[in-house]
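Asks: Just dropping this structure here.
The values are calculated or read from the model by the stated rules, or taken from the named source; none is laboratory data. The model shown is predicted, which means the values in this text are computed figures rather than measured ones. Virtual Cβ from ideal backbone geometry, glycine too; neighbours counted across all protein chains shown. Keep in mind that these areas ignore ligands, DNA and RNA; they rest on the heavy atoms of the full protein, side chains included. Shrake-Rupley method; radii C 1.70, N 1.55, O 1.52, S 1.80 Å.
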Amino acid sequence: MTEQQLPDWADPSVSPAALDPQGLSRRGLLRRAGLFGAAFTLGSAAVPAAASPQRFGGDDPRLAYLVGDHHVHSVYSHDAKYTFSQQAKAAARYGLDWMVFNEHSNFGHAYYGAKLEHEEILKARAENPRQLIFQGLEWYIPAAEHCTVFAAPGPHEVDLLTQFELAYDGKLLNYTEGSAGATDTARNEAHAVKAIKWLAEQRRSGYVDDVLVLANHPLRLGIDSPHEMRNWRDAAPEIMIGMEGAPGAQGAAIPGWRGTTSIRGEYENKPSAQSWSGYPADAYLTYGGFDWATATVGGLWDALLAEGRLFSITTNSDNHRTVFDTWKNGDWPAGQNFDNTGRLPDPVNTDTPQAGSDFWPGQFSRTHVGTTRYGYRAVMAGLRAGRVWLDHGHLLDGLDVRVKRDCDAGRGVTLGGRLRVRKGERISLYVTVTTASRPNAQGILPELQHVDVIRGAVRGAVTDRDTWKAPDTKVVQTKDVSGRKGTYTLRIPLTAGDESFYVRLRGSDGNRHGAGYLGASIDPNGPIPHEPGNGDPWADTWFYSNPVFIDVAGA
């Protein structure tokens with residue numbers, strides 16, 4: 001590690017004239033939050049916890065949102081293309097504050113590649129201390145699909161990943177779909193739970209300062225069943241914190257690009273022998289670019305939240321091969337391959353567009369994490385606390401969400417937090433939006449058209465752990481914000497009834513919507529699937545926020 005520096009947009013010593021429009025906008029958000037200058041400091045302290053459930057109300061801190069991507073591949077993944085440097089430079093160009101190099105497991109990666117990449121990461125941290133670069137692993141979950149696993153920088157970060165890869169990776173153990181041991185479901189599912197518990201123990205013991213796990217593209221193959229996701233969460237909720245709400249590969253269905261059957265996210269699969277039989281056929285599609293589990297109001301994500309426990313969502317690039325890029329994989333020298341090197345040859349520029357489905361890190365998909373400090377552990381603490389919102393196509397510059405008791409003058413509770421109130425008490429949801437101030441990478445100035453408020457009852461742990469519906473969750477208000485510019489705040493009155501509940505937010509550019517998957521009475525204007533091969537992602541952009549929980553005393 002080397003001494004960190006604040007990003008340009010947060011550093012008072014960097015003049016406004018040196019910032020691009022994105023940096024100026026973010027500095028303005030920081031200033032309005034009262035965090036500009038010394039208040040937003042370097043360090044690794046955790047974001048303070050939400051209000052104690054033993055007292056009413058709450059007063060969460062003001063936050064700066066750091067933009068990142070936890071799912072990026074390089075030549076250290078067997079199926080990717082770009083050098084480490086190409087990915088890091090692209091992330092900086094598109095305004096990312098943090099990123100995770102999340103390479104696929106492979107014996108070549110475990111024995112050679114992880115250590116080689118670590119050397120590059122250490123060098124990059126020293127050369128560009130304004131960029132937070134994590135090393136991670138894309139874990140092939142026994143009996144299921146993939147997860148991002150990443151640790152805080154420290155003396156054991158790469159050792160943790162390689163030990164974990166060799167002992168618990170389903171691909172290396174033949175415990176995943178299509179492998180010889182895939183049919184032993186009970187053993188494989190138990191091994192996945194054991195793996196998450198092992199990671200939690202490495203954190204508790206101090207072997208690493210922190211480690212987090214997030215499920216990737218959960219419904220792409222339909223092999224992440226509801227009970228498995230609950231089992232992972234329950235094994236160590238401080239470690240297994242959530243899932244991709246929207247996958248990468250968002251450029252897969254650009255018209256005329258990959259073919260007439262292409263779907264955003266490369267969700268082009270059918271159920272297999274290992275898919276969970278309880279998912280409908282429509283679960284294998286994306287809706288406005290988002291995974292069915294997240295996009296369905298009253299669906300799987302809401303079923304998890306309705307138990308009263310946080311389970312966060314993210315979005316990212318999953319960048320392997322960027323759309324319209326002209327680089328191709330280099331040729332192997334004689335006698336070399338991925339298994340004996342752990343690294344692909346450097347790519348070669350052809351000047352001709354090559355096959356690909358992805359965007360560069362930060363170019364289209366962004367995960368925003370709220371924190372009061374700038375640093376690795378602060379990002380991880382913000383993710384764990386659930387202070388997260390996400391957008392596609394740079395739809396928004398900023399979002400701040402607070403729920404407050406009307407009788408309190410404090411700041412209230414923000415995303416991922418819990419507000420304790422009395423039955424029948426009046427409370428208000430405050431949504432502060434900062435609209436897009438600059439054209440995105442496609443040359444479009446995004447315009448937010450509506451903000452949806454989604455409310456769900458909290459009923460506690462379910463009896464059937466394969467439940468994927470939350471029947472008491474629905475869109476309760478839609479605010480038309482078309483034409484509004486700059487920064488504005490919506491106040492939405494809420495009333496605490498007889499039971500605890502949560503609220504979450506969603507919104508879009510308004511270009512493409514219809515009745516939600518569970519019907520118009522639940523979601524009248526939700527995201528919908530696109531026609532195969534006709535899914536221009538820039539013309540159908542959404543934002544989502546994590547929930548705020550409202551705990552009603554006596555409920």
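Asks: Quick one: order CYS147, CYS407 from most to least accessible surface, probe 1.4 Å. All intermediate terms of the calculation are to be shown ahead of the outcome.
Replies: Values: CYS147 0, CYS407 90 Å².
Sorted by accessible area, descending: CYS407, CYS147.
Asks: Something else now. Once the whole set of protein chains is in place, how much accessible area is left on MET243, using a 1.4 Å probe, in Å² to the nearest 10?
Replies: 0 Å²
Asks: Let me spell out the model: positive unit charges on the Cβ of Lys and Arg, negative unit charges on the Cβ of Asp and Glu, origin at the Cα centre of the chain. What dipole size does that give, in debye rounded to 20?
Replies: Details: 56 positive and 64 negative charges, 402 e Å.
For the chain, the charge dipole is close to 1940 debye.
Asks: Here's a follow-up. For the chain, with every protein chain kept in place, what is the accessible area per residue (1.4 Å probe, Å²)?
Replies: Per-residue value: 35 Å².
Asks: Quick one: accessible surface of SER105, probe radius 1.4 Å, all protein chains present, in square angstrom to the nearest 10.
Replies: Approximately 0 Å² for this residue.
Asks: Continuing with the same structure: Would you check the accessible area of HIS450, probe 1.4 Å, heavy atoms only, in square angstrom rounded to 10?
Replies: Here the residue's solvent-accessible area equals roughly 20 Å².
Asks: I need the fraction of alpha carbon pairs in segment 230-348 separated by more than 18 Å, rounded to a whole percent.
Replies: On the way: 4643 of 7021 pairs.
Every Cα pair in segment 230-348 considered, those over 18 Å come to 66 percent.
Asks: Based on the Cβ-Cβ distance from ALA334 to LYS115, what FRET efficiency comes out when R0 is 22 Å, to the nearest 0.05?
Replies: Numbers: r = 24 Å, r/R0 = 1.08.
Plugging the Cβ-Cβ distance into 1/(1 + (r/R0)^6) gives 0.40.
Asks: Further question on the same structure: Can you give the FRET efficiency to the nearest 0.05 for THR185 and LYS423, using r as the Cβ-Cβ distance and R₀ = 25 Å?
Replies: On the way: r = 44 Å, r/R0 = 1.76.
It comes to 0.05.
Asks: Can you give the net charge of the other residues whose Cβ lies under 12 Å from the Cβ of ALA182, counting K and R as +1 and D and E as -1? Kindly include the intermediate steps, with their values, before the conclusion.
Replies: Working: positive: LYS171, ARG187; negative: GLU177, ASP184, GLU189.
Around ALA182, the charge tally is -1.
Asks: How many angstrom separate the Cα center of segment 315-373 from the Cα center of segment 516-555?
Replies: After rounding, the separation between the Cα centres reads 30 Å.
Asks: Mind checking which of GLN87, VAL75, LEU160 is farthest towards the positive end of segment 62-162's charge dipole, using Cβ charges of +1 (Lys, Arg) and -1 (Asp, Glu) about the Cα centre?
Replies: Checked the options; the winner is GLN87.
Asks: OK, next. Rounded to the nearest 0.05, what FRET efficiency do ALA17 and SER277 have when you use their Cβ-Cβ distance and R0 = 56 Å?
Replies: Values: r = 60 Å, r/R0 = 1.07.
Efficiency for this residue pair is about 0.40.
Asks: Find how much the distance from ASN128 to HIS450 grows on full extension, using 0.36 nm per residue of separation minus their present alpha carbon separation; answer in nm with one decimal. Walk me through the numbers on the way to the answer.
Replies: On the way: separation 322, 0.36 × 322 = 115.92 nm, distance 3.85 nm.
Here the segment from ASN128 to HIS450 would lengthen by 112.1 nm.
Asks: Same structure again: Could you work out the relative contact order of segment 232-304, using alpha carbon pairs under 8 angstrom and six or more residues apart, expressed as a whole percent?
Replies: On the way: 73 pairs, mean separation 18.6, N = 73.
Reported relative contact order: 26 percent.
Asks: Where both residues lie in the chain, what percent of DSSP beta bridges are antiparallel, nearest 5?
Replies: On the way: 70 of 96 bridges.
Restricted to the chain, the bridges split so that about 75 percent are antiparallel.
Asks: Once you keep just the Cα pairs under 8 angstrom separated by 6 or more residues, what percentage relative contact order results for segment 155-305?
Replies: Numbers: 189 pairs, mean separation 30.2, N = 151.
Over segment 155-305, the number comes to 20 percent.
Asks: What's the carbon and sulfur percent of the chain's accessible surface, probe 1.4 angstrom, rounded to a whole number? Present the calculation step by step, with values, prior to reporting the outcome.
Replies: Working: 9720 of 19500 Å².
C and S atoms contribute 50 percent here.
Asks: Moving to a separate point now. Where Lys and Arg each count +1 and Asp and Glu each count -1, what net charge lies around ALA293 among other residues with Cβ under 11 Å from its Cβ? Intermediate results must be reported in sequence, preceding the final value.
Replies: Values: positive: ARG220; negative: ASP224, GLU244, ASP291, ASP302.
Counting the neighbours of ALA293, the net charge comes to -3.
Asks: Largest first, how would ARG384, ARG426 line up by accessible area (1.4 Å probe)? Let's see the in-between values first.
Replies: Numbers: ARG384 55, ARG426 175 Å².
Largest to smallest exposure gives the sequence ARG426, ARG384.
Asks: Taking the Cα-to-Cβ direction at ALA167 and at HIS227 and moving 7 Å from each Cα, how far apart do the two end points lie in nm?
Replies: Going from the ALA167 label point to the HIS227 one covers 2.7 nm.
Asks: Then there's this: For the chain, what does the relative contact order come out to in percent, with C-alpha contacts under 8 Å and a separation of six or more? It would help to have the intermediate numbers written out before the result.
Replies: Values: 1434 pairs, mean separation 100.2, N = 555.
The value is 18 percent.
Asks: Please report, ordered by residue number, every helix of the chain (full DSSP H runs) that is 18 Å or longer along its axis going by C-alpha atoms and whose mean Kyte-Doolittle hydropathy reaches -1.0.
Replies: Details: long enough: 114-127 (20 Å, -0.86); 185-205 (30 Å, -0.92).
Span-like helices here: 114-127, 185-205.
Asks: Considering the zone a paramagnetic label at ASN174 would reach in this model (a point 7 Å from Cα along the Cα-to-Cβ line), which residues of segment 103-140 have amide N under 19 Å from it?
Replies: In segment 103-140, the label zone of ASN174 (backbone N under 19 Å from the point 7 Å along Cα→Cβ) covers 105-108, 140.
Asks: Just want the answer: with Cβ charges of +1 for Lys and Arg and -1 for Asp and Glu, which residue in ILE454, ASN440, GLY410 is farthest toward the dipole's positive end in segment 404-460?
Replies: Farthest towards the positive pole: GLY410.
Asks: Nearest-5 percent of antiparallel DSSP beta bridges in segment 1-156? Walk me through the numbers on the way to the answer.
Replies: Numbers: 5 of 15 bridges.
The antiparallel fraction comes to roughly 35 percent.
Asks: Something else about it: About the Cα centre of segment 132-217, how large is the charge dipole given +1 on each Lys and Arg Cβ and -1 on each Asp and Glu Cβ? Please answer in debye to the nearest 20.
Replies: Details: 6 positive and 12 negative charges, 45 e Å.
Result for segment 132-217 is approximately 220 debye, rounded to the nearest 20.
Asks: Which distance in Å, rounded to a whole number, links the C-alpha centroids of segment 57-134 and segment 213-279?
Replies: If we compute the Cα centre of each part, the gap is 22 Å.
Asks: Still on this structure, please answer the following. Which lysines have a Cα lying under 23 Å from the Cα of LYS328, excluding residues fewer than 8 positions away in the same chain?
Replies: LYS81, LYS89
Asks: Could you tell me what percent of the DSSP beta bridges with both partners in segment 223-376 are antiparallel, to the nearest 5? It would help to have the intermediate numbers written out before the result.
Replies: Values: 4 of 9 bridges.
The antiparallel fraction comes to roughly 45 percent.
Asks: If you place +1 on the Cβ of every Lys and Arg and -1 on the Cβ of every Asp and Glu, how big does the dipole about the Cα centre of segment 269-380 come out, in debye to the nearest 20? Intermediate values should be presented prior to the final figure.
Replies: Values: 8 positive and 11 negative charges, 76 e Å.
Magnitude of the dipole: close to 360 debye.
Asks: Something else: For the chain, I need the span (max minus min coordinate) of the C-alpha atoms along each principal axis, in Å, sorted largest to smallest.
Replies: In descending order, the Cα extents are 73, 58, 52 Å.
Asks: Excluding LEU490 itself, calculate the net charge of residues whose Cβ lies under 12 Å from the Cβ of LEU490, where each Lys or Arg counts +1 and each Asp or Glu counts -1.
Replies: Here the count lands on +1.
Asks: List the lysines whose Cα lies under 26 Å from the Cα of LYS194, skipping any in the same chain that are fewer than 8 positions away.
Replies: LYS115, LYS171
Asks: Specify which residue in the list LEU490, THR463, ASN511 is farthest towards the positive end of the charge dipole of segment 416-524, using unit charges on the beta carbon of Lys, Arg (+1) and Asp, Glu (-1), about the Cα centre.
Replies: Value: LEU490.
Asks: What list of ³J(HN,Hα) values in whole Hz, one per residue of segment 214-225 in order, does the Karplus curve 6.51 cos²θ - 1.76 cosθ + 1.60 (θ = phi - 60°) give from phi, with Gly and Pro shown as x?
Replies: Using θ = phi - 60°, the values come out as 9, 6, 9, 5, x, 9, 4, 10, x, 9, 9, 6 Hz.
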